[in-house]
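The values are calculated or read from the model by the stated rules, or taken from the named source; none is laboratory data. As the structure is a prediction and not an experimental result, all values here were calculated from the model. Here the Cβ positions follow ideal geometry from the backbone for every residue, glycine too, while neighbour counts run over all protein chains shown. Quick note on the areas: whole protein, heavy atoms, side chains included, nothing else; ligands and nucleic acids left out. Shrake-Rupley method; radii C 1.70, N 1.55, O 1.52, S 1.80 Å.
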Amino acid sequence: LRCQAAPRPRACHGWQVSMKSGSLSYILPCNRMPVQLMSQVRVYTSNGQKKDLGSEDTDGSARGETLHKVETGQDTTNAGQKQSSPKQPIQVKVKAVLKKREYGPKYTQNNFITGVRAINEFCLKSSDLDQLRKIKRRSPHDDTETFTVYLRSDVEAKSLEVWGSPEALARERKRRKEAEIKYRENLFRNQRLLWEYKEFFGNTKPRSSTAAMFFKGPGKVVMVAICINGLNFFFKLLAWVYTGSASMFSEAIHSLADTCNQALLALGISQSARTPDPSHPYGFTNMRYIASLISGVGIFMMGAGLSWYHGIIGLLHPHPVESLLWAYCILAGSLVSEGATLLVAINEIRRSARAKGLSFYQYVVQSRDPSTNVVLLEDAAAVLSVAVAATCMGLTSLTGNPYYDSVGSLGVGTLLGTVSAFLIYTNTEALLGRSIEPEQLQRLTELLESDPVVRAIHDVKATDMGMSKVRFKAEVDFDGRVVTRSYLEKQDIEQLLQEIQQVKTLEELEAFMLKHGENIIDTLGAEVDRLEKDLKQRNPDVRHVDLEIL
């Protein structure tokens, strides 16, 4: 406390005046606080009013009250230590800030609603919508450029005007829901009566497009295979009954399994042609893969399982084989018929692979057409199994040993098990949603990145949905400057400049920014539609495109 430090001149920061009383030194607040002078300050409030706070020559007595003065009884003795200076006015600069709006957890005042939704959800008539404001918006569908929407707030107000109260509207919705359920029940009943009528009197309706599918492409291959394998099963079954050969029994079971599986494939083809509905928005194309998967499981259980069982029984309990002449004749006929079906399947796959720019092996391994693949593999296995059965039966005829015949049955079962395992694997991969080829994905990525409106793309996914239908998804970082420039190129710059010059208040500035901001967002949506359309046009396999704005 016994400090004799003399006061030193320094910049005043509010607490720099030193006082001395006897042997006690202390610091008092200084009345010379730093003040920044401004010639003139204008304050803008949120309602756009302007106020002048004054200039440097104004009287500062009213605004100098915020300065803290310190007076003591020793002012007279320390007057020589205080440096007198004129008091400066303090100016305050207020920043103009637009008032933030609170929208709440649920805000639907600016939502748009289509006419169909307005009629269905709010129980209105088309004549009621004629009295409301109509707004033209960019259409999300490819076949139309614009479509008409309504403000949801206007529709809600109109529904209350029509029905009187929310309770009356809720009762009407409930009544219409019950009427819809009753209508569906009647529709199902009428469809059943119509089906019974067709069964009794005959169907004179022209052939549908679904039936026409079985006269070309994979449908034709499947129908030919069903007819041939059905005949083969009948004749092989007669040969087995006559000879008692285990190999011939395996061949008969093989033909029966092929016939049943190909009938299942025909069902899958017919179901895949169904049009998409609200419950299945992406259609029913995967029904072919489901039918092929079940077919593979059927081949394994019916064909391979019974062949192995009969072969093992033949090894455990061998019995002599009767004359095999008729069996050889039937096997020869089966070889010719199975070979003809195999050639039909090979020609169809070659044609389809050539159209896709793929090799024969790639087309089969990628399971581009599961129905044709099943016919191809089943007929190939049938030709090989006929060769195996004929060889083992020949060895049995030469040596008189029935074990060769049983070994042939085991060989046919092993061949069928291999085919079924391949079908199960390829169709499971297709149903899980595998990615497309890296080269094709790279082409799609380069097409997006080469567009000037795109800065970068991230999290790219391209899934093969089956039957050469690809779903593409990516998060896109758009260049806002390019989007804005694209919007400005469509505007009258002179008129836009006049609008800018007329902005004087915050309300006018807000209206200007909201108007052009909404138009720029619409321009961004149009750019997204353009990119999706380009992807579909340059890559016909791409059916569904999802571009997310990053």
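Quick look at the numbers
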read-out: Phi to ³J(HN,Hα) by Karplus 6.51 cos²θ - 1.76 cosθ + 1.60 over region 505-519, Hz, x for Gly, Pro; value: 10, 5, 5, 5, 5, 5, 4, 5, 5, 5, 4, 6, x, 5, 5
read-out: Average projection area in nm² (convex hull over Cα atoms of region 112-186, one quarter of hull surface); value: 6.2
read-out: Residue-normalised accessible area of region 438-549, given per residue in Å² at a 1.4 Å probe; value: 60
read-out: Computed FRET value (nearest 0.05) for TYR425 with ARG354, which takes r as the C-beta separation and R₀ as 35 Å; value: 0.90
read-out: Charged-residue dipole, Cβ positions (Lys, Arg, Asp, Glu), region 324-399 about Cα centre, Debye nearest 20; value: 340
read-out: Distant-in-sequence amide H partners of VAL470 (H built 1.01 Å from N, under 5 Å); value: MET465, VAL542, ARG543, HIS544
read-out: Dipole of region 112-186 [Lys/Arg +1, Asp/Glu -1 at C-beta], most positive-end residue of SER126, SER153, LEU169; value: LEU169
read-out: J(HN,Hα) series, region 274-279, from Karplus relation 6.51 cos²θ - 1.76 cosθ + 1.60, nearest Hz, glycine and proline x; value: 5, 6, x, 10, x, 6
read-out: Placed amide H near ARG434: partners under 5 Å, 5+ positions off or other chain; value: ASP464
read-out: Per-pair calculated FRET efficiency, R0 = 25 Å: CYS329 and LEU398 via Cβ, rounded to 0.05; value: 0.90
read-out: Greater than 21 Å apart at Cα, pairs in LYS158/LYS515; LYS473/LYS515; LYS461/LYS536; value: LYS158/LYS515; LYS473/LYS515
read-out: Protection proxy ranking of 177-190, 467-480, 410-423 - average other beta-carbon atoms within 10 Å, highest first; value: 410-423, 467-480, 177-190
read-out: Packing-based ranking, highest mean first, of 254-266, 484-496 given that Cβ atoms within 10 Å are counted; value: 254-266, 484-496
read-out: Hz values of 3J(HN,Hα) by residue in region 160-167 - Karplus curve (6.51, -1.76, 1.60), Gly and Pro given as x; value: 5, 5, 6, 9, x, 7, x, 5
read-out: Between region 390-438 and region 492-544, the Cα center-to-center distance that results, in Å; value: 62
read-out: Extension gain from GLN109 to LYS182, taking 0.36 nm per residue of separation minus the Cα-Cα distance; value: 22.8 nm
read-out: 5 angstrom amide H check on VAL454, placed H, neighbours 5+ away; value: ASP479
